[in-house]
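Below is one structure, written out as structure tokens, with a few remarks after it.
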Amino acid sequence: MAEVTPRIIIIGAGMAGILAGIKLKSAGIKDFTLYEKASQIGGTWRENTYPGLTCDVPSHHYTYTFERNPTWTRHLPPGREVQAYFVRVFEKYGLAAYTQFEEELIAASYEGGQWNLQFASGHTDTASIVIMATGVFAPP
């Protein structure tokens, strides 16, 4: 009997969504889609651009353990630098091929053992597993 791989959907392409995509790929899971409501990745670091924006976590801690960044310019890096780090990681791990931009989730229901998702564009999708990586500032 053939092993069935679950279809997975990730909602949000910020720090957590990017990490989820990388970990799925490294586990050999290729049947997933990463949906992002905006036209580019970044979450908090894309949305916040006010003057003086910096990360409140020391830069050497604000990286993925498998993708360190020895070139941070400051102990508390500026927001644009943090955003650039996540863009580099997203590109390095080839997540663009799995990502759908400008797709905002508006409804989700669980029926018959699967998630049914509806997006503002009218697009729909289904999955066995949904990973909500929308961050703390996104409304539920």
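The values are calculated or read from the model by the stated rules, or taken from the named source; none is laboratory data. All values reported here derive from a predicted model rather than from experimental measurement. So basically every Cβ, Gly included, is an ideal-geometry build from the backbone, and we count neighbours across all protein chains shown.
Per-structure values
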| item | result |
| --- | --- |
| Members of segment 34-78 that are free of Cβ contacts under 8 Å to residues at least 60 places away in the same chain, crowded, with 16+ Cβ neighbours inside 10 Å and of a type in the set (Val, Ile, Thr) | Ile41, Thr63 |
| So Ala138, is it aliphatic (A, V, I, L, M), closer than 24 Å to Lys23 by Cα and modelled with pLDDT of 95 or more | no |
| Some residue of segment 108-121 being closer than 12 Å to Lys37 by Cβ, modelled with pLDDT under 95 and either in contact with a helix residue (DSSP H, G or I) (Cβ under 8 Å, 6 or more places away or on another chain) or not basic (Lys, Arg) (or both) | no |
| Only listed residue being surrounded by fewer than 17 Cβ atoms within 10 Å (Cβ to Cβ), within 12 Å of the chain's Cα centre (by Cα) and free of Cβ contacts under 8 Å to residues at least 60 places away in the same chain, chosen from Ala96, Ala27, Ala84, Ala108 | Ala96 |
| Any chance Ile11 is at pLDDT 95 or above, within 14 Å of Thr134 (Cα to Cα) and over 13 Å from the mean Cα position of the chain (by Cα) | no |
| Residue within segment 36-50 that is within 16 Å of the chain's Cα centre (by Cα) and on the phi > 0 side of the Ramachandran plot present | yes |
| Test: residue in segment 34-44 that is hydroxyl-bearing (Ser, Thr, Tyr) and closer than 24 Å to Gln118 by Cβ | yes |
